Each structure stands twice: as C-alpha cells, then as structure tokens.
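Peer 1: For reference, the structure I am asking about is given below.
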Amino acid sequence: MSATQFTPRVFSGIQPSGNLHLGNYLGALKRFADMQGLEMETVYCMVDMHAITVWQDPSELAHSTRELCAGFIAAGVDPEQSILFNQSQVPEHAQLAWIFNCVARMGWMQRMTQWKDKAGKNQQNASLGLLAYPSLMAADILVYHATHVPVGDDQKQHLELTRDIAIKFNNDFGIDFFPITEPVIEGAATRVMSLRDGAKKMSKSDPSDMSRINMTDDADAIAKKIRKAKTDPDALPSDVDGLEGRPEARNLVNIYAALSDQTVAQVLSEVGGKQFGTFKPMLADLAVARLSPISTEMARLMNDQSEIDRILARGSERARAIAAPILDRTYEIVGMVGAGKR
Ligand code: AMP
Ligand code: TRP
C-alpha cells in the first residue's frame with residue numbers, strides 16, 4: 001500500500017537531551033515550521049522516552065523538554081496550527097512500540113549505525129531501550145498513520161526500518177493497515193557539519209563547543225565561532241561543482257543557503273570569487289539576524305513555564321485523540337480481547 005491512500009499527515013520528533021544547535025534548526029525545526037503551510041496536519045513531539053535510552057538527570061530532562069518546546073515555538077511552530085506535545089504523555093507510543101518489538105527482528109536493530117555509534121565497544125552494558133529505540137520511533141510515526149516525516153539525513157536508516165516494520169506488520173496480519181512512510185530529507189542543510197571538521201556532523205555530543213552554534217549562543221559567540229570555523233585557503237567557487245572535495249567550504253555555503261532560503265547555486269552566483277575573509281562576516285551577520293530573535297523568544301517563553309506546560313498538556317490531548325483509535329484497531333488486528341470497542 002502506498003502512503004497516498006492515507007490522509008497526508010506530518011510527524012517528527014526531537015530528543016530533549018541537551019542544547020539545540022544550528023543542525024537541529026536547519027535540518028529539523030525550520031522545516032517543521034515551513035511544513036505547516038502545506039495543508040497537512042502537523043504533529044511534532046519532544047521524544048522524552050527516546051532521551052532516557054541513555055542516562056538523563058531527571059531535573060535536566062524536565063528543563064530540556066520545556067526548553068525544546070520553547071525552541072519549537074520560537075522557530076515558528078504554532079501550537080494551535082500544529083500538535084505539540086511530549087511523548088511520555090501519550091502512552092499509545094509505548095504500547096504500539098511493544099507490538100513492534102514483537103514484529104521487528106533483533107538483526108534489524110543490531111544493524112543500525114546509531115546503535116553501533118552510541119553503544120560503542122561495550123554493547124553489553126548499553127540499555128535494552130537503546131537497542132529497541134527504532135521500534136519506538138516507528139511507533140511514534142505509525143501510531144498517527146503519518147505519511148511524511150521531515151528529518152535530517154542521519155535519520156534515514158531509522159525511517160527505512162519504520163517502513164520495514166510497517167511492511168512486515170501488514171504482511172504478517174494480511175492487512176493494509178500501516179502506511180509506508182515517506183522520509184522528507186530535503187534542502188541545503190539536511191546534514192550540517194561541525195565547524196571544526198567538515199567530515200563530522202554538527203552534534204550536541206561533540207566535546208568542543210566551537211564545533212557547533214547553539215540556539216542559545218549570543219551574537220558575539222556566533223560571530224566568533226564562524227570566524228574561527230575551519231576553511232581552506234582558496235576563494236569560493238562560482239558553481240556547485242567547485243565545492244567538490246572542499247567539505248568545509250561546502251558546509252558554510254550550505255548553511256548560508258539554508259539560512260537565506262536560497263539554493264546553493266544562487267548563493268555561489270552571489271559570493272563566487274570571494275575569500276573566506278569576506279564571506280565569513282556575511283555568514284555571521286546572516287546567522288545572527290536569523291538566530292537572535294529565536295533565542296530571545298526562547299528565553300521569553302521560558303519565563304512562563306506554566307504556559308509551556310499547558311501547551312504540552314493540550315497537545316497531548318489532541319495527539320491522543322488521533323493515536324488511541326489507531327492503537328485500538330492495532331490491538332484488535334493482533335487479537336487482543338477487549339479491543340475494538342471504541
Ligand atoms: P536529535 O537532536 O538527534 O534528536 O535530532 C533532531 C533532529 O535534528 C533530527 O531530525 C535530526 O536529523 C536533525 N539533526 C541533528 N543534527 C543535525 C545536523 N548536524 N544536520 C542536520 N540535521 C540534524
Ligand atoms: N530518532 C530521532 C533523532 O534522534 C528522533 C525521533 C524519535 C524521531 N522519534 C521520531 C524523528 C519520529 C522523526 C520521527 O533525531
């Protein structure tokens with residue numbers, strides 16, 4: 001069954017674990033906000049249950065969840081137009097994940113690069129949740145029968161697994177029930193790289209703070225990090241082919257394109273031939289102009305935590321209204337007595 005037979009619905013999630021950075025903004029949040037205009041229902045989730053697959057200090061988890069909610073709203077996600085909530089408050093995610101744990105195979109989970117990266121050498125000591133993580137992610141998406149999932153490039157493998165789970169469930173039970181979800185990995189910045197190393201993804205876990213621009217960085221910090229960003233000695237090329245073999249140059253141009261809503265070709269037609277000494281201040285000005293209003297708004301929203309909590313509670317109710325009947329029907333398909341009475 002193709003996703004087109006389902007009502008189009010967008011779902012995506014971000015983990016509340018540590019600070020948001022420019023990669024999260026360009027690869028996820030900004031695109032989430034942009035998708036609100038496309039006449040699809042948009043459902044966005046702070047995935048607190050994913051976050052605890054590695055240890056989280058409880059008070060920091062609560063803080064990060066609220067701050068992430070503020071980040072969504074400040075980046076342009078409207079809590080009326082979109083459904084905005086935290087995962088743990090919609091228990092249907094965990095309930096469907098259990099069914100999927102029994103559909104997915106161990107080998108599928110063990111092949112995931114994120115599992116291998118995060119578990120490292122000591123897999124025996126990783127949490128069972130870290131291994132089962134993609135099954136919960138599939139449940140997040142499929143409990144809404146979501147058809148479109150905007151994410152950064154690093155989530156591609158997890159979305160393929162989501163499709164595999166939907167296909168196997170549909171086959172096992174001989175029913176076309178779950179949609180085969182479309183990953184939406186588009187734009188100039190689906191993989192924002194570290195400012196210190198063009199071969200590494202910009203990430204909240206990088207020990208060097210100079211490697212990333214945090215959403216909470218002030219103008220001086222943003223300008224300094226861009227000024228010190230690693231580059232090569234050549235001038236910028238005038239066309240896209242000229243970025244071949246120049247990962248740091250490509251990254252800065254991609255960031256510029258995404259922040260200014262232009263294509264890479266458009267940017268290069270403007271800045272081709274310029275030295276980094278000229279381009280970096282242009283990029284810093286643009287980044288500050290785009291990001292400072294967001295961090296100011298995040299700080300303002302964080303002053304009223306009870307309002308954030310109300311937004312999340314209301315979002316959870318709206319999310320449950322969609323998820324509960326889909327879970328109930330799933331239970332019925334699987335043969336759980338008592339289901340299907342809704
Ligand atoms: P995470 O912070 O790992 O929960 O990621 C949240 C979202 O941000 C996901 O859609 C990721 O794919 C996206 N993301 C994380 N890091 C980057 C990056 N460096 N470039 C682009 N997207 C990213
Ligand atoms: N795994 C995603 C990440 O680490 C977060 C996530 C959890 C997610 N559930 C999701 C993303 C469902 C999209 C859809 O970034």
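Peer 1: Among the residues in the range 63-70, are any basic (Lys, Arg) and within 10 Å of ligand 1 (Cβ to nearest atom)?
Peer 2: No, every residue in the range 63-70 fails to be basic (Lys, Arg) and within 10 Å of ligand 1 (Cβ to nearest atom).
Peer 1: Inspect the range 94-104 for any residue being within 15 Å of ligand 2 (Cβ to nearest atom), assigned by TED's automatic domain parsing to the domain that holds residue 322 and more than 16 Å from residue 169 (Cβ to Cβ) and give the result as yes or no.
Peer 2: So far as the range 94-104 goes, yes, one or more of its residues are within 15 Å of ligand 2 (Cβ to nearest atom), assigned by TED's automatic domain parsing to the domain that holds residue 322 and more than 16 Å from residue 169 (Cβ to Cβ).
Let's see how each residue does on (1) open to solvent by 30 Å² or more (accessible area, probe 1.4 Å); (2) within 16 Å of ligand 2 (Cβ to nearest atom); (3) at pLDDT 95 or above; (4) not polar (S, T, N, Q):
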residue: 174; (1), (2), (3), (4): yes, no, yes, yes
residue: 186; (1), (2), (3), (4): yes, yes, no, yes
residue: 189; (1), (2), (3), (4): no, yes, no, yes
residue: 192; (1), (2), (3), (4): no, yes, yes, yes
residue: 206; (1), (2), (3), (4): no, yes, no, yes
residue: 218; (1), (2), (3), (4): yes, no, no, yes
residue: 226; (1), (2), (3), (4): no, no, yes, yes
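Peer 1: Further, regarding this structure: Taking the range 263-281 as the region of interest, how many residues are in contact (Cβ under 8 Å) with a residue 24 or more places away in the chain and either open to solvent by less than 50 Å² (accessible area, probe 1.4 Å) or of a type in the set (S, T, N, Q) (or both)?
Peer 2: Residues meeting the conditions: 10.
Peer 1: Scan the range 125-153 for residues that are more than 16 Å from ligand 1 (Cβ to nearest atom), more than 23 Å from residue 102 (Cβ to Cβ) and part of a helix (DSSP H, G or I) and jot them down.
Peer 2: 125, the sole residue that qualifies.
Peer 1: Checking the conditions here, which among 167, 141 is open to solvent by 10 Å² or more (accessible area, probe 1.4 Å) and among the β-branched types (Val, Ile, Thr)?
Peer 2: Sole residue among the options that is open to solvent by 10 Å² or more (accessible area, probe 1.4 Å) and among the β-branched types (Val, Ile, Thr): 167.
Peer 1: Can I ask one more? Looking at residue 316, is it within 23 Å of residue 83 (Cα to Cα), assigned by TED's automatic domain parsing to the domain that holds residue 20, within 21 Å of the chain's Cα centre (by Cα) and open to solvent by less than 70 Å² (accessible area, probe 1.4 Å)?
Peer 2: Yes; evaluated as a whole, the condition is true for this residue.
Peer 1: Can you tell me which residues in the range 37-63 are open to solvent by less than 20 Å² (accessible area, probe 1.4 Å) and assigned to a helix (DSSP H, G or I)?
Peer 2: 48, 50, 51
Peer 1: Before we move on, is residue 116 within 16 Å of ligand 1 (Cβ to nearest atom), assigned by TED's automatic domain parsing to the domain that holds residue 178, free of Cβ contacts under 8 Å to residues at least 12 places away in the same chain and open to solvent by 70 Å² or more (accessible area, probe 1.4 Å)?
Peer 2: For residue 116, the condition - within 16 Å of ligand 1 (Cβ to nearest atom), assigned by TED's automatic domain parsing to the domain that holds residue 178, free of Cβ contacts under 8 Å to residues at least 12 places away in the same chain and open to solvent by 70 Å² or more (accessible area, probe 1.4 Å) - is met.
The values are calculated or read from the model by the stated rules, or taken from the named source; none is laboratory data. No experiment lies behind these values; they were computed from the predicted model shown. Cβ sites come from the backbone with ideal geometry, for glycine too, and all protein chains shown count toward neighbours. Ligands, DNA and RNA are stripped out before the accessible areas are found, and what is left, the full protein with its side chains, is counted by its heavy atoms. Shrake-Rupley method; radii C 1.70, N 1.55, O 1.52, S 1.80 Å.
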